[in-house]
1. Given N residues in the range 1-109, what is Rg(Cα) / (2.2 N^0.38 Å)?
2. Against the longest alpha carbon principal axis of the chain, how many degrees, from 0 to 90 and to the nearest 10, is the axis of helix 89-99 turned?
3. Calculate, for residue 458 and residue 224, the FRET efficiency according to 1/(1 + (r/R0)^6) with r their C-beta to C-beta distance and R0 60 Å; round to the nearest 0.05.
4. Residue separation times 0.36 nm, minus the C-alpha to C-alpha distance between residue 89 and residue 486: what's the value?
5. Got a sec to turn the phi values of the range 225-241 into Karplus ³J(HN,Hα) couplings, 6.51 cos²θ - 1.76 cosθ + 1.60 with θ = phi - 60°, whole Hz, x for Gly and Pro?
6. Through the Karplus equation 6.51 cos²θ - 1.76 cosθ + 1.60, θ set to phi - 60°, convert the phi angles of the range 75-81 into ³J(HN,Hα) values in whole Hz; use x for Gly and Pro.
7. Going by amide H atoms built from the backbone, whose H comes under 5 Å of the H on residue 352, apart from near neighbours?
8. So with the 1.4 Å probe, I'd like the accessible area per residue for the range 243-298, rounded to whole Å².
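The values are calculated or read from the model by the stated rules, or taken from the named source; none is laboratory data. Predicted model, so just to flag it, every value in this text is computed and none were measured. All Cβ positions, even for glycine, are placed from backbone atoms using ideal geometry, and neighbour counts span all protein chains on display. Heavy atoms of the whole protein, side chains included, go into the accessibility calculation; ligands, DNA and RNA do not. Shrake-Rupley method; radii C 1.70, N 1.55, O 1.52, S 1.80 Å.
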Amino acid sequence: MFDSIVQAVFHYADVQPNKLCLADDQSEVTYSQYRQLIQRYAAVFHSAGVRAGDTVLVEACQTVEYLAMELAIQLLGAIFVPVEHNCARDKIASFAKRAEARCVIACSEAEYGVEHFTFDQLRTQQVEAACYEPAGFPEADSISEILFSTGTTGKEKGIVITHKNNIALAENVIYGVEMEKDNVELIPSPMNHSHGLRRYYANMYNGCTVILLGSVMNILRFFQALDKYGVNSIDLVPTALSVVLKLSKTKLSEYKDRLRYIQFGAAPMMEADQQKICQLLPQTRLYNFYGSTESGCICIYNFNRPDDKKHCIGKPAHNAEIIIVDDEHRPISSSAENTGLLASIGKMNMPGYWKDEEETSRVLIDGVVYTNDVAYYDQDGDIILLGRKGDVINVGGNKVSPEEIENAAKSIPEVADCGVIPVPDSMKGSVPKLFVQLQPGAAFDPIAIRSFLAGKLEPYKVPEYIEQIQRIPRSYNGKLLRKELK
């Protein structure tokens, strides 16, 4: 129906001008007001020399203004490059250089090596600017954005996303969660990250309403937003869910008749949190999305069901075809006894990494995105994900998911966090090793931990080695940095 998200917003500004489009902690706009804001920022950027094909690097914020700037950049045919809020000056300058940025937009004044503007400067200019009238909208195959991976080890990659990719991803979300036209979704996920951006895109493509939230740490504001705007759906990363459950106790249960769904993604969820949210919201659809920045949300699974399966990521999303391949990328007939690597085909797949043909060729071949995730199709046509190749532990021929051991260990009261890796073993090939971060004041007792796990797991899954460390390494969104444990 649309070739770009900005085209969808402009369409809805015509057909439902007075419908609430976006709200943040300080402001809210209808679809008509949002279009005007986008056009004013487009006029400001155009007067600053931004043209089609230019890259514009923007420091992320959880605001209507920030997202209006994004769509204004894309309306001009330019390329949006978001970076994390409060990103270090040198890091912004490095990203700007790699993206060959035409200019940088940041919260504070600094030297970034290229022309730069602050939000305050642009805010003043857009008030005075006339609305930019586009001759047309971006073409589907043109580049929409470059999303730099946020890993702390290795080279960060610039993932190129086209407007066609974003439309396909929006459809994957809409069909996956059965999104209705009167959807009002609360999104506290960072808007430089693909997870939050793509949930926002889906709602804009569907003509719905998005409520932005700076953080779930202010739990009072979280519930005030639910009440003020009649929120009927939520997007959360697992670490945010943990915070909400810890700070609000059982209060979410008061919304069990209103919340249609909550969607999760970006990192694995703690089993205890999964069980608790199912208890609090027995009728709410609770979706876990699987995907990557390169291919987006390609599998979806509602785990709030009596027959919930361990390690299940569900079935392929609307625009995705999932195949299981061997190490040579040859499709296989997979099963629990014959696992392989997950690969995806579809319109949502990236065209490649920004000016990095070598890295692209390792991941993307003839339109297929290949992963290192070990998986198989079960007898019901559901996909079972065991973990990343190298993380899955082969104990004497038995495939062991490290997440299963971690979930069991996290139920020990003395354990604050933990991580599992494989270590070589002369008899079994490899065995699990458990690292634990203890609660303050707790004593380290490896014998008691092993005894507890022996009551929860099959014998070959019980860790041979247990080590205490001060802190389990995790990314900003809670993803375990297993390489640092190794």
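1. Here the Cα radius of gyration is 1.10 times the empirical estimate.
2. 80
3. Numbers: r = 47 Å, r/R0 = 0.78.
Here the calculated transfer efficiency is 0.80.
4. Values: separation 397, 0.36 × 397 = 142.92 nm, distance 3.05 nm.
Extra length from residue 89 to residue 486 when fully extended: 139.9 nm.
5. Residue by residue, the range 225-241 yields 5, 4, 6, 4, 9, x, 4, 10, 7, 9, 10, 9, 7, x, 5, 5, 4 Hz.
6. Values, residue by residue: 4, 7, x, 7, 10, 7, 10 Hz.
7. Counting only residues 5 or more places away or on other chains, the set is 160.
8. Details: 2430 Å² over 56 residues.
Each residue of the range 243-298 exposes 43 Å² on average to a 1.4 Å probe.
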